[in-house]
Amino acid sequence: MMTTNMNTYNPVELMVVLLSREVRDNEISACGALSHIPAAGMLLAKELHARNAELIILNSIFNPFKTSRQFHYLAQRGELGLFFVSGVQIDQYANYNLHQLGPDHAQPDVRFPGGYGGGLIYYAARRSVAFRTEHTKRSFVENVDYISAAGSSPEDTLRLGGPSKVITPKVTFMFNRKTNRLELESIHAGFTLEEIVNNTGFAVSNEHAIQTAEPSELELYTLRNIVRQRMINTNTYAKWAENSLN
């Protein structure tokens, strides 16, 4: 458990709060099916600072579309302000891998289901915030084994948006659009720069990163009471909410 002068919180609750802070009012924000942490983050934002935000949580009661194709069309029209993504691997260029591990693409060591439409959304959403619940050299690598979605594109490629941040249980990375690389934005309470360097598979830049603002009493209260119950009521997220949110 991590501690503030107001309360204690676990790493999942911290990530929910940090993701919620990325949601903006009067904007459409979305996440994929069974994306429990960003789903809770969006609901938390809706309760606190983004009352007029439109939320899309695919395959849930917070989904206005009958088909995923309609959601993809919305993104391609440039109407999707924020999308939350994750990956088995994320590298220094904000490329993420959801497909396979190993150097041989024809005969990978491990193959995963992939991400339906994720590559397209990474190009089309105005901002994408990636998250990973594991911060190790296994998950944050110098170069992903397979690029499921690219963090940047050639100048002659039509791209409406791209990565904005990457949030982990230890840090927040920001994506520098000038260098097309991830830089350390803030370090969460309880961790040191040395720990981050030792657990990241690429060079960590920006040694002057600030400390992440911890969850407030209001954020934790709202998450554990209003958001937790709302997620339990959706059934799809009930077990996760009961076990992950204090």
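The values are calculated or read from the model by the stated rules, or taken from the named source; none is laboratory data. Nothing here was measured: the structure is a model prediction, and the numbers come from that model. Backbone-built Cβ (ideal geometry, glycine too); neighbour counts: all protein chains shown.
Going through the range 114-156 one residue at a time, which ones are assigned to a loop (DSSP other than H, G, I, E, B), in contact with a Lys or Arg (Cβ under 7 Å, 6 or more places away or on another chain) and closer than 25 Å to HIS36 by Cβ?
Correct list: HIS135, SER139.
Taking into account only those residues within the range 55-97 that are among the aromatic types (Phe, Trp, Tyr) and surrounded by 15 or more Cβ atoms within 10 Å (Cβ to Cβ), which is nearest to PHE175 (Cα to Cα)?
Looking at the filtered set, the residue picked out is TYR93.
Sort out which residues of the range 16-36 are assigned to a helix (DSSP H, G or I) and either among the polar types (S, T, N, Q) or surrounded by fewer than 22 Cβ atoms within 10 Å (Cβ to Cβ) (or both), and write them in order of number.
SER20, HIS36
Would you check if there is a residue in the range 228-246 being among the hydroxyl-bearing types (Ser, Thr, Tyr), closer than 21 Å to LYS170 by Cα and touching a strand residue (DSSP E or B) at 6+ places or on another chain (Cβ under 7 Å)? Before the answer, list the steps.
Of the range 228-246, the ones among the hydroxyl-bearing types (Ser, Thr, Tyr) are 234, 236-237, 244.
Filter again for closer than 21 Å to LYS170 by Cα, leaving 244.
Checking which are touching a strand residue (DSSP E or B) at 6+ places or on another chain (Cβ under 7 Å) leaves us with none.
No, the range 228-246 contains no residue that is among the hydroxyl-bearing types (Ser, Thr, Tyr), closer than 21 Å to LYS170 by Cα and touching a strand residue (DSSP E or B) at 6+ places or on another chain (Cβ under 7 Å).
Can you pull out the residues in the range 98-113 that are in a loop (DSSP other than H, G, I, E, B) and either modelled with pLDDT of 90 or more or loosely packed, with under 13 Cβ neighbours inside 10 Å (or both)?
If the condition is that a residue be in a loop (DSSP other than H, G, I, E, B) and either modelled with pLDDT of 90 or more or loosely packed, with under 13 Cβ neighbours inside 10 Å (or both), then LEU98, HIS99, GLY102, PRO103, ASP104, HIS105, ALA106, GLN107, PRO108, ASP109, PRO113 are the ones that fit.
Among the residues of the range 33-67, which ones are more than 26 Å from LEU218 (Cα to Cα) and free of Cβ contacts under 8 Å to residues at least 60 places away in the same chain?
If the condition is that a residue be more than 26 Å from LEU218 (Cα to Cα) and free of Cβ contacts under 8 Å to residues at least 60 places away in the same chain, then ALA33, LEU58, ASN63, PRO64, PHE65, LYS66, THR67 are the ones that fit.
Inside the range 203-213, can you point out the residues that are touching a residue at least 60 places away in the same chain (Cβ under 8 Å) and crowded, with 17+ Cβ neighbours inside 10 Å?
Passing the criteria: only THR212.
Quick check on THR200: is it surrounded by fewer than 20 Cβ atoms within 10 Å (Cβ to Cβ), part of a loop (DSSP other than H, G, I, E, B) and touching a residue at least 24 places away in the same chain (Cβ under 8 Å)?
no
Within the range 72-97, track down each residue that is part of a loop (DSSP other than H, G, I, E, B), over 20 Å from GLY41 (Cβ atoms) and touching a residue at least 60 places away in the same chain (Cβ under 8 Å).
GLY78, GLN92, TYR93
Just name the residue that is nearest to GLU13 (Cα to Cα) out of those in the range 214-246 that are of a type in the set (Gly, Ala, Ser) and loosely packed, with under 15 Cβ neighbours inside 10 Å.
Kept after step one, since they are of a type in the set (Gly, Ala, Ser), are these residues of the range 214-246: 216, 238, 241, 244.
Applying the additional criterion that residues be loosely packed, with under 15 Cβ neighbours inside 10 Å yields 216, 238.
Numbers: SER216: 11, ALA238: 16 Å.
So the residue we want is SER216.
Quick check, is THR168 surrounded by fewer than 21 Cβ atoms within 10 Å (Cβ to Cβ), touching a residue at least 24 places away in the same chain (Cβ under 8 Å) and either hydrophobic (A, V, I, L, M, F, W, C) or under 24 Å from ALA203 (Cα atoms) (or both)?
no
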